[in-house]
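Student: So that we are looking at the same thing, I have put the structure below in structure tokens.
The values are calculated or read from the model by the stated rules, or taken from the named source; none is laboratory data. This structure is a prediction, so every number in the text was calculated from the model and none was measured. Please note: Cβ atoms are built from the backbone with ideal geometry, for glycine as well, and neighbour counts cover all protein chains shown. Heads up: the accessible areas ignore ligands, DNA and RNA and are worked out on the full protein's heavy atoms, side chains in. Shrake-Rupley method; radii C 1.70, N 1.55, O 1.52, S 1.80 Å.
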Amino acid sequence: MEVESSKQEENKTMMAQNVRKPDKKRRRRIICLVVISVILALALIFTILGLTVFKAKRPVTTVNSVAVSDIDFSFDIARLRVHLNVTVDTSVAVKNPNRVGFKYKNSTALLKYRGDVVGEVPIPAGKIGSRDSVIMNLTLTLMADRVLANSNLYSDMMSGTLPLQTYTRIAGKVRILFNIHVVSYTTCDLEVSISSRNVTKQQCHYKTKV
């Protein structure tokens, strides 16, 4: 009798263990499915936000004003030499339409005369906050020695109009899940009157690459 009772108890124990094993496996499967579902849901939410609310937008660059703050011109007849000094003040506004900050690197604003770089000013690195704007006041001074080397200078001086061009390039990045690089270009074609010492014509072009 004792042998039979012990066998019965062993059978009951084995049956109980067999019942518990499927329960543990089932629980593990359920936990794994829940974890995977949460991860997929979060990934879907971040993807939707990245493509809608937090979608990277191009910074908007606008030239507020361009003015000639100083211009000195004289012609040395005896030596057949031209003395020229021009200073151009430019106000550039950069707006960040993104919901996160926009960091931009060190850059340079250029002053060109008929395609040749005749002046430059550094733009230090910085950051523009979410949906914020930064105004950059730049002073570009013409390098006379570079201008005098251009054979078109004398004819332009005789006509009374000096064609100049300002060029600004701002490169940076917006971090939304990952870094998105953005480059903004601004070019302004100017005509400066030597007699009135002001900008008589101005046409600006804007371009942004993401």
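Student: Could you grab me the full set of residues in the stretch 128-159 that are of a type in the set (A, V, I, L, M), open to solvent by 30 Å² or more (accessible area, probe 1.4 Å) and assigned to a strand (DSSP E or B)?
Tutor: Scanning the stretch 128-159 gives 134, 135.
Student: If you take the residues in the stretch 124-155 that are among the aliphatic types (A, V, I, L, M) and either touching a Cys at 6+ places or on another chain (Cβ under 7 Å) or in contact (Cβ under 8 Å) with a residue 60 or more places away in the chain (or both), which one is nearest to residue 112 (Cα to Cα)? Steps first, please.
Tutor: Step one: filter the stretch 124-155 for residues among the aliphatic types (A, V, I, L, M), giving 125, 128, 134-136, 138, 140, 142-144, 147-149, 153.
Then keep just the ones that are either touching a Cys at 6+ places or on another chain (Cβ under 7 Å) or in contact (Cβ under 8 Å) with a residue 60 or more places away in the chain (or both); that gives 128, 135, 144, 147-148, 153.
Numbers: 128: 28, 135: 22, 144: 12, 147: 9, 148: 13, 153: 13 Å.
Only one residue tops the list, namely 147.
Student: Can you name every residue in the stretch 59-106 that is modelled with pLDDT of 80 or more, in a strand (DSSP E or B) and hydrophobic (A, V, I, L, M, F, W, C)?
Tutor: Once the filter is applied, which keeps residues that are modelled with pLDDT of 80 or more, in a strand (DSSP E or B) and hydrophobic (A, V, I, L, M, F, W, C), the stretch 59-106 yields 60, 63, 66, 67, 68, 86, 88, 92, 93, 94, 102.
Student: Out of (1) open to solvent by less than 80 Å² (accessible area, probe 1.4 Å); (2) part of a strand (DSSP E or B); (3) over 16 Å from residue 62 (Cβ atoms); (4) at pLDDT below 90, the odd one out for residue 196 is which?
Tutor: So residue 196 meets the others, but not (2).
Student: Limited to the stretch 106-127, what total is found for residues that are surrounded by 14 or more Cβ atoms within 10 Å (Cβ to Cβ), within 14 Å of the chain's Cα centre (by Cα) and not hydroxyl-bearing (Ser, Thr, Tyr)?
Tutor: Residues that pass the stated criteria total 2.
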